[in-house]
1. Of a type in the set (Gly, Ala, Ser), without any contact (Cβ under 8 Å) to a residue 60 or more places away in the chain and open to solvent by 20 Å² or more (accessible area, probe 1.4 Å): is that true of SER133 in this structure?
2. Filter the range 213-263 for residues that are farther than 20 Å from ILE138 by Cα, aliphatic (A, V, I, L, M) and either surrounded by fewer than 19 Cβ atoms within 10 Å (Cβ to Cβ) or in contact with a Ser or Thr (Cβ under 9 Å, 6 or more places away or on another chain) (or both) and give the result.
3. Considering only the range 311-322, I want to know if a residue exists there that is out of contact with any Leu (no Cβ under 9 Å at 6 or more places or on another chain), of a type in the set (A, V, I, L, M, F, W, C) and at pLDDT 95 or above.
4. If I ask for residues that are open to solvent by 70 Å² or more (accessible area, probe 1.4 Å) and under 21 Å from the mean Cα position of the chain (by Cα), which ones from the range 351-360 would you list?
5. How many residues does the range 264-289 contain that are under 21 Å from GLY156 (Cα atoms), surrounded by 17 or more Cβ atoms within 10 Å (Cβ to Cβ) and at pLDDT below 90?
6. For the range 16-31, what are the residues that are in a helix (DSSP H, G or I), modelled with pLDDT of 85 or more and either within 23 Å of PHE190 (Cβ to Cβ) or open to solvent by 20 Å² or more (accessible area, probe 1.4 Å) (or both)?
7. Give the range 429-458 a look and list any residue that's modelled with pLDDT of 75 or more, part of a loop (DSSP other than H, G, I, E, B), open to solvent by less than 30 Å² (accessible area, probe 1.4 Å) and farther than 23 Å from ILE329 by Cα, or say none.
8. How many residues are over 10 Å from VAL16 (Cβ atoms), open to solvent by less than 40 Å² (accessible area, probe 1.4 Å) and in a loop (DSSP other than H, G, I, E, B) if we restrict to the range 48-66?
Amino acid sequence: MTFRYDDLSKRQRQFVDALAAKTQNPNVDRQYLLDIIDATDIYTVPPAWIVQDSRRRTDTRGVYHVPEIREAVHTISTAAPEPVAAPAAAPVTVAAAPTMNLAGAAVMGMTGGDRAHLIPSRESTYVPWGHFSSIEKILKAKIFYPTFVTGLSGNGKTTMIEQVCAKLKRPCYRVNITKQTDEDDLLGGFRLIDGNTVWCDGPVVKAMEDPAGGVLLLDEIDLGSTNIMCLQSVLEGKGVYLKKIGRWVTPAAGFTVLATANTKGKGSDDGRFIGTNVMNEAFLDRFPVTLEQDYASRSTEKKILTKAMAAVSIDDADFGDHLVKWAEIIRKSFAEGAVDEIISTRRLVDIVKAYAIFDDKMTAINMAIARFDDDTKEGFLNLYTKVDGDDVVATEAAPSDWSSMDPDARIELNVGYENKDDAKNLGAKWDGDKRTWYTTAGHLATDDRLTAFNPIAPTQDVECPF
């Protein structure tokens, strides 16, 4: 396929013009795109029409083919008057593109798409819940008040913050923290642009100086290394000194910092969140408040799925109700230590979308839980069939039934730690309070493999199969 300059949209041509003003080479790397982004207001992230178009990829990783640059160079040179000689090293100033209004912005934010605004778009399917009102009060107060939001994956922490910003029309500078994130990524650094060394402010500085009251969102902050300690003075609200250029940055009114994490900064003991670190106590202490975000209640989660279904033209209230019950049972089992995996709200929404695509419930569920090991996947599928068959109350797989059972009616099993997975796979249940595994007479009668765990008979008058 031939790429033509005239086929580009107005905004895309503006970006290509900015590229052409710096180079005539049609092959540009990702860092070059970022340098142009820093020098203009056309995009805030590398545009998807370049970096996500497989036809533009070259044999060199991270280098993209933009042949429209040559056409842009020709267009600029033929349209412009005879140029006046200038020093070869003089930097070229590129005019900023006009700002689009919020309603017309295609906001794809940090996913690599076009984003004309730092104010997130409001999602019509979003259901405010959890700490939404608390975050809203913090931002409305326009008081510098760093807030740490923690909770298990997929329960809406980041989306909640973005949607508060969308509602209040506050610019949100989201930075995804990794182990490699350092002072240069956060505060800024020198960039080589067309042979010139130019200082470029980082997202932290831009958020601090935003006159609209920038909100700095440090996403997955517990993945960071000690390099993020460069934010100490920022978290105190005192500003920051850019030592490389000798400049003091004072935060504008309304600036604040919000951070999200799957842990509380103490690391992940169970190994579920690989890469999270034990964070510096002095750093954590600069967050005056920590908000713990759990999964939504059954009624709230049902509203979330109802809206998600409406967005993809699905009208099946029963399916949404079954999904919510199914996830709730699994989460209770996870909390009791009976299962090692969990179904997040995000995964439920993914199931709804898969259902809209493939028009089959079990296909959608199968695809969504395929990442789990075979035993967990089979157990989750079996549980869903019971939920969908309205057999939750009768089934022995429901933790609510097991936990409400009279302890004297249980048959305790002698399960060593090394055999816990075998017991769980056979349907045995874990009592977190008594720290024992157990089953029922009915269950034991249908699966004699459980007798290998030397069951202890119940004390009540219950028919015992052994």
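1. On the way: of a type in the set (Gly, Ala, Ser): yes; without any contact (Cβ under 8 Å) to a residue 60 or more places away in the chain: yes; open to solvent by 20 Å² or more (accessible area, probe 1.4 Å): yes.
Here the answer is yes, as SER133 does meet what is asked.
2. Passing the criteria: LEU223, ILE228, MET229, VAL240, LEU242, ILE245.
3. There is no residue in the range 311-322 that is out of contact with any Leu (no Cβ under 9 Å at 6 or more places or on another chain), of a type in the set (A, V, I, L, M, F, W, C) and at pLDDT 95 or above.
4. Taking the range 351-360 and keeping what is open to solvent by 70 Å² or more (accessible area, probe 1.4 Å), we get 353, 357-359.
Hit for the range 351-360 is LYS353, nothing else.
5. Residues in the range 264-289 being under 21 Å from GLY156 (Cα atoms), surrounded by 17 or more Cβ atoms within 10 Å (Cβ to Cβ) and at pLDDT below 90: 3 in total.
6. Of all residues in the range 16-31, those in a helix (DSSP H, G or I) come to 16-20, 30-31.
Among the residues that remain, those that are also modelled with pLDDT of 85 or more are: 16-20.
Answer for the range 16-31, where residues must be in a helix (DSSP H, G or I), modelled with pLDDT of 85 or more and either within 23 Å of PHE190 (Cβ to Cβ) or open to solvent by 20 Å² or more (accessible area, probe 1.4 Å) (or both): ASP17, ALA18, LEU19.
7. Initially, the range 429-458 is screened for residues modelled with pLDDT of 75 or more, giving 429-431, 436-440, 449-455.
Next, only the ones that are part of a loop (DSSP other than H, G, I, E, B) stay: 440, 454-455.
Then keep just the ones that are open to solvent by less than 30 Å² (accessible area, probe 1.4 Å); that gives 440, 455.
Passing the criteria: only PRO455.
8. Here is the first cut: in the range 48-66, the ones over 10 Å from VAL16 (Cβ atoms) are 48-49, 51-65.
Imposing the further condition that a residue be open to solvent by less than 40 Å² (accessible area, probe 1.4 Å) reduces the set to 48-49, 51, 53, 56, 62-64.
Next, only the ones that are in a loop (DSSP other than H, G, I, E, B) stay: 53, 62.
The qualifying residues number 2.
The values are calculated or read from the model by the stated rules, or taken from the named source; none is laboratory data. Model, not experiment: these values are computed from the prediction. Positions of Cβ are generated from backbone atoms using ideal geometry, with glycine treated the same way; all protein chains shown enter the neighbour counts. These area figures cover heavy atoms from the full protein model, side chains too; ligands, DNA and RNA do not enter into them. Shrake-Rupley method; radii C 1.70, N 1.55, O 1.52, S 1.80 Å.
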